[in-house]
2 protein chains.
Amino acid sequence: MRIAVIGVGLIGGSIAVSARERLSAVVSGFDLDARSLELALERGLIDRACAGVSEAVADAGVVFVAVPVGSLMESVAAVLEAAPAGSVVTDTGSTKRALVASVDDPRFVGGHPLAGTEHAGTSFARADLFDGAAWYLTPSARTAPDALERLREILVRLGARPSPVSAERHDRLMASVSHLPHVLANALVCEAASMPSADGDPPFAAGPSFRDITRVAGAPSAIWTDIYVQNADLLDAAIGRSIESLQEFRAALAAGDAVRLTALNEAAAAARAQLFGGSR
Amino acid sequence: MRIAVIGVGLIGGSIAVSARERLSAVVSGFDLDARSLELALERGLIDRACAGVSEAVADAGVVFVAVPVGSLMESVAAVLEAAPAGSVVTDTGSTKRALVASVDDPRFVGGHPLAGTEHAGTSFARADLFDGAAWYLTPSARTAPDALERLREILVRLGARPSPVSAERHDRLMASVSHLPHVLANALVCEAASMPSADGDPPFAAGPSFRDITRVAGAPSAIWTDIYVQNADLLDAAIGRSIESLQEFRAALAAGDAVRLTALNEAAAAARAQLFGGSR
């Protein structure tokens, strides 16, 4: 099997090395950043470092486009231009509506693995990154059923759990479980850092939960600004709903209404149990 | 050394077992919940299970009161009534202003270890819970300097990093790094769970960051409602500042202002670096 990966950062690099190890695939890679491409070759993530998209995808059966959301449309278009008939082309972008609407090709299936970490870059790529991870696929009416099926099989062999969903539902879900959390984490670190400090005050300290909650704060702007922009409408709505929920909490707080505060907290406990089945 | 622990849940139980193992202390325990007390004895967290506060503290050199914030004032008062002259009495509550203001005794030093986890209860107590953890101490003008010093030494031997701070500053800090994060985590799970779902939709999935961020959502109401109520003014202010920051983000989002969105994200990255020194 021949696989091409365009963009060999954390996600693309992990796809590449996982495909080599688990599918015995021959993997061609390309990255606009020459250093990342070189590192991917040195680390054995890819078999071959190519000089451009056309060379990388020329004989590929499956192409993964794992570049930042901001350059995704352009990259996917270039890949589809050069990839063989009968190949499957997919991407790993965090927003899907705009991209999927821009492509009209039976070989294309939008995709998004939920497997990033706060550590971006080729040096963090690893073969087991997708073990057990949800991997959304957003086929359009134009997608060949066979292309979807072949991609699913490959993703399962990479350790992931592929899950077809509409681009709209994907983006709504991501607004809630990824983009909004990033925005709130940003607000949290800014709030904590804004506390005035005087001589003699102890150094900043917080418990493990604050560290967990703010781990994604200030995630790379080169990736995240585009995600925010592309999902602006749904993200704005999610922020709006959160503010309403915060205002509801404040009203109970201002009234010293312990019963209501408890009810709100229990509703959150129930929501969490609904999402995660009770486990933490 | 004789130590008494009132409330043998996660925090009290961990203090007890750590004191036994690291200070070779003889530890008396009491808990209103008979099952927790029994479990603490069975697990070897304490040497002796007592029938009440008076019995537990009668011959103690140091007393830790580790009960929920809502019953802290009452418990500390009862302990001070019964504890020997020359003993040191401290607590582990998450809010400090009200308690510290209510006590007028040289033996008392308010305290708060930043070491909880999302798993409450005696069964999760462990001797290393405080290793490297910040442990705020909020002595008042009435606190005997010697009591503060003895407590500090003990906490260091339990593995913690004791740090004196005013009760006001403590509560302001906790509003930002603990209470607000809990409120935001609650808002996040409610938002995610509110997404309508139809037959054929894939099961809920989110990446590891969502799980990290929402781990504390719906934390035990028996503990948290009282914390929220006792820190209502400072928590309300922190929520208010967060909402302002979210509205600022929304304005940039609505304008599609990528430059401004990037600046806000970079400000968060700088805030995070200021708090944590760049590490994640």
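Every read-out reported here was derived from the displayed coordinates using simple, explicitly stated rules and does not represent laboratory data. These numbers were taken from a predicted model, which means no experiment stands behind them. FYI the Cβ positions are ideal-geometry reconstructions off the backbone, even for glycines, and counts take in every protein chain you see.
Given N residues in the stretch A:142-280, what is its alpha carbon radius of gyration divided by 2.2 N^0.38 Å?
For the stretch A:142-280, the normalised Cα radius of gyration is 1.39.
With +1 assigned to the C-beta of every Lys and Arg and -1 to the C-beta of every Asp and Glu, and no other charges, what is the dipole magnitude of the protein assembly as shown about the Cα centre in debye, to the nearest 20?
700
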| field | Rule-of-thumb Rg ratio for the stretch A:65-126 [Cα; 2.2 N^0.38 Å; N residues] | value | 1.17
| said: So if each residue of separation counts as 0.36 nm, and I subtract the Cα-Cα distance between B:Asp33 and B:Met195, what length gain in nm does that give? | reply: 54.4 nm
| query | Expressed as a whole percent, how much of the Cα-Cα distance distribution for the stretch A:1-58 exceeds 19 Å? | reply | 12
| note | Per 20 angstrom bin, beginning at 0 and ending with the bin that holds the maximum distance, the Cα pairs of the protein assembly as shown fall in percents of 21, 45, 27, 8, 0
| field | Long-range HN-HN contacts of A:Val89 with modeled amide H, under 5 Å | value | A:Val63, A:Phe108, A:Val109
| Of the residues A:Gly61, A:Gly93, A:Gly13, which exhibits the maximal mean-square fluctuation in a Gaussian network model of chain A defined by a 10 Å Cα contact cut-off? | A:Gly61
| Can you give the Kirkwood hydrodynamic radius for the stretch B:1-149, in Å, rounded to one decimal and based on Cα pairs? | 14.8
| task | Report the residue, chosen from A:Ser87, A:Ser197, A:Ser14, that carries the largest GNM mean-square fluctuation when chain A is represented by alpha-carbon nodes joined by springs under 10 Å. | result | A:Ser197
| request: Would you compute, for the Cα atoms of the stretch A:35-104, the largest minus smallest coordinate along each principal axis and list the three values in descending order, in whole Å? | output: 37, 26, 15
| query | What residue among A:Glu248, A:Glu55, A:Glu74 has the largest mean-square fluctuation in a Gaussian network model of chain A, using Cα springs under 10 Å? | reply | A:Glu248
| remark: Here the residues of the stretch B:225-249 lying in the modelled label zone of A:Ala251, meaning backbone nitrogen under 18 Å from a point 7 Å along Cα-to-Cβ, are B:236-237, B:239-240, B:243
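How large is the Kirkwood hydrodynamic radius of chain A, counting all unique pairs of alpha carbons, in Å?
20.5
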| Inter-copy label distances at B:Ala222 (7 Å, Cα→Cβ; nm, one decimal) | 5.1
| query | Any idea what the A:Ser194 label distances to the other copies are, label 7 Å down the Cα→Cβ vector, nm, shortest first? | reply | 2.3
| Which distances in nm, rounded to one decimal and ordered from shortest, link the label point of A:Gly132 to the equivalent label points in the other identical copies, with labels set 7 Å from Cα toward Cβ? | 2.3
| note | Mean per-residue count of partner chain Cβ within 10 Å for A:158-165 equals 2
| note | For chain A, longest principal axis from Cα atoms; helix A:10-23 axis from its Cα atoms; angle between them, nearest 10 degrees, is 50
